[in-house]
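Laboratory data are not the source of any read-out in this text; all were calculated from the coordinates shown. No experiment lies behind these values; they were computed from the predicted model shown. Here the Cβ is made from the backbone with ideal geometry for all residues, glycine too, and neighbour counts use every protein chain on show.
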Amino acid sequence: MQLEWTETGEAFAGQAAARVASLLAETPDAAIALPTGSTPIGLYARLRAMEAAGELPLSHAHFFNLDEYVGVAPANRHSFAAFLRRHLLDEADIPAEHIRLLRGDAPDIEAEAAAHDAAVAARGGLDLAILGLGSNGHIAFNEPGAPWDAGTHVVPLTEATRMANAAYFPDGFQVPSHGLTMGIGMIRAARRVLLMVSGPAKAEALGALLAARPDPDWPVTALCGHPGLTVIADAALRGVR
Ligand code: GLP
């Protein structure tokens, strides 16, 4: 595992963007899974700026979302699909056929999950999974106790996760009871994983990873020993080690 501590938000986003740029320099048509949440917003701004400056072509890469709310259509602005379009995908030169976003409102949600897996498999698996971290150690929507060998599947969301996510929606949006998420098996199969950890609420979850003891109660510890894992974290969290 490579662990990088960053002192500022700029450095946090910049280091993450540099990781994406180095992958795309080697593998321009890389398959990349993208997270939502506040953590990657600076990264997305940096990628947009690099692309606009002609420093980072994104048009050959393929993008997938990690997770979505069940029952929420991609066009709904509360969806993770809409979030990713706003922050990155619609703001960069990326062909529509290079973007595969989960349809949370799909009439057959199991078929939608299988289609997501098939689309990733058609690209030869993920070259990079970019991840945020839940304060309870969740990655994507894989909550404590989630299986470590799964592909995309439907999961119940914990109350803690629903409350944390509701905080982003002052308009009273009711966070659904279920999510659709790439499973830990699929995330672990990614050739590279970039875990971004920011904010004091993540200290305990980061500590669980750094303790290097795989524990199903802390889904992030499924990444222990992953040969392509990079963790970029706030220097303020250094004490958790
Ligand atoms: C959500 C998402 C995760 C994300 C996490 C952390 O639950 N499903 O993919 O990593 O929140 O969000 P934030 O970066 O806002 O702390």
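Taking trypsin sites (Lys or Arg not before Pro) across the range 52-102, the ones in a DSSP loop with at most 15 further Cβ atoms lying within 10 angstrom of their Cβ are R77. What's the center-to-center distance, using Cα atoms, between the range 102-176 and the range 19-75 in Å? Centre-to-centre distance over Cα atoms comes out at 17 Å.
Between S135 and A53, what's the calculated FRET efficiency when r is the beta-carbon distance and R0 is 25 Å? Round to 0.05. For R0 = 25 Å, the calculated efficiency reads 0.10.
Spin-label model, D108 to R162: label points 7 Å out along the Cα-to-beta-carbon direction sit 2.9 nm apart. Near S135: Cβ cut-off under 15 Å, other residues only, Lys/Arg at +1 and Asp/Glu at -1. The net charge is -3. The mean sequence separation of alpha-carbon pairs under 8 Å and at least six residues apart, normalised by the residue count of the chain, gives a relative contact order of 25 percent. The longest stretch of the chain left intact once loop-based GluC sites (Glu not before Pro) with at most 13 other Cβ atoms within 10 Å are removed from consideration, loops following DSSP, is 56-241. Once the Cα-Cα distance is subtracted from the 0.36 nm per residue extended length, the Q174 to A18 segment shows a gain of 52.6 nm. Each Cα pair under 8 Å and six or more residues apart adds its sequence gap; the mean of these over the residue count of the range 101-241 is a relative contact order of 28 percent.
All other residues whose Cβ lies under 12 angstrom from that of A96 are scored, Lys and Arg at +1 and Asp and Glu at -1, for a net of -1. Hydrophobic, long helices, defined as DSSP H runs whose alpha-carbon span along the helix axis is 18 Å or greater and whose mean Kyte-Doolittle value is at least 0.0, occur in the chain at 9-26, 109-122. For P219, the shell of other residues with beta-carbons less than 14 Å away shows a net charge of -3, using +1 for Lys and Arg and -1 for Asp and Glu. Using Cα-Cα distances under 8 Å and only pairs 6 or more residues apart, what relative contact order does the range 48-168 have, in percent? 22 percent. Residues of the range 166-193 with an amide N closer than 17 Å to a point placed 7 Å from the Cα of E4 along the Cα-to-Cβ direction: 192-193.
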